[in-house]
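The values are calculated or read from the model by the stated rules, or taken from the named source; none is laboratory data. What you see is a predicted model; the values in this text were computed from it and never measured. Heads up, the Cβs are rebuilt from the backbone with ideal geometry, glycines too, and the neighbour counts pull from every protein chain shown. Side chains are part of the model used for accessible areas, which takes the heavy atoms of the whole protein and leaves out ligands, DNA and RNA. Shrake-Rupley method; radii C 1.70, N 1.55, O 1.52, S 1.80 Å.
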Amino acid sequence: MTIDFNSIAIGDKLPEYVRTTGFAEWNRYAAVNDEFIPIHMDDDAGRAAGNEGGAFGMGNLRLAYLTNMLRAWIGDNGQICSLSVKYRSMNQKGDVLRAVGEVVGTEIVDGAALVHLKVDVVDQKGTSTTPGTATVMLA
């Protein structure tokens with residue numbers, strides 16, 4: 001899919017990237033990243049860390065969901081120039097997470113078509129868990 005830079009408007013929404021998370025997803029992510037940390041794998045460890053719901057998801061997994069959303073939108077020839085987020089809320093077992101993005105600006109710099117975005121990962125209650133910004137370059 002190729003995006004026509006001239007058809008992008010401020011306020012355009014990106015297609016969402018949606019995932020339900022829990023131990024299976026966290027375990028796969030931990031295996032790839034060698035991130036077997038007890039608070040993400042064991043309910044008792046999660047509660048000992050102050051989360052009464054037990055184990056909780058990795059922040060960087062939500063960052064990966066945002067990366068997947070951006071990559072799907074810009075295609076293989078696009079480039080993610082920057083992605084910066086803040087972790088605001090925990091990801092609990094069974095959460096349905098939606099990576100979302102909205103165009104906040106466009107510009108051409110030295111011939112490169114740049115799109116500036118507001119991004120977030122929102123849970124099923126509408127809670128913002130990972131707000132941030134991104135800039136992508138279209139091919």
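General observations
- On Cα atoms only, tilt of 23-33 relative to the major axis of the chain in degrees: 70 degrees
- Remark: spin-label model distance Arg71-Gln124 equals 2.6 nm, labels positioned 7 Å along the Cα→Cβ axis.
- Here Phe36 sits with roughly 110 square angstrom of accessible surface, probe radius 1.4 Å.
- FRET efficiency, Ala49 to Ile80 (Cβ-Cβ, R0 41 Å, nearest 0.05): 0.85
- Computed from Cα atoms, the angle from the helix 59-74 axis to the main principal axis of the chain rounds to 30 degrees.
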